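As structure tokens, the structure follows; a few thoughts come after it.
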Amino acid sequence: MGDTCREPDGRKTVQGMRTDLIFDRQTHAFLGTRSIMVRDEDGLKQGDVTNSSAVLAVAIVDRVGQAP
């Protein structure tokens, strides 16, 4: 997985990158993730977003394999 360390504020990083979980401030619903460089490394600059994901839909079903 790579080198793991802690930043001065206590957050865990892997290879100079941290991953943030993003939640709605009012509903606390999980919205997605974002990976950000915490230092210059491998041609990337501190603050560069290297990956992001978003929850586009959520559904509840009665059993495994059932389509919403």
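The values are calculated or read from the model by the stated rules, or taken from the named source; none is laboratory data. Please read these numbers as outputs of a predicted model, since none were measured by experiment. Neighbour counts run over all protein chains shown; Cβ positions are idealised from the backbone, glycine included.
The table below lists the values:
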read-out	value
When residues of the range 35-64 are limited to those that are of a type in the set (Lys, Arg) and under 23 Å from residue 8 (Cα atoms), the one surrounded by the most Cβ atoms within 10 Å (Cβ to Cβ)	39
Residues of the range 16-53 satisfying the condition of being among the hydrophobic types (A, V, I, L, M, F, W, C), within 20 Å of residue 5 (Cα to Cα) and not in a strand (DSSP E or B)	38
Every pair of residues 6+ apart whose Cβ atoms lie under 7 Å, when the first sits in the range 36-47 and is within 21 Å of residue 21 (Cα to Cα) while the second is at pLDDT 90 or above and loosely packed, with under 11 Cβ neighbours inside 10 Å	36/47; 37/45; 37/47
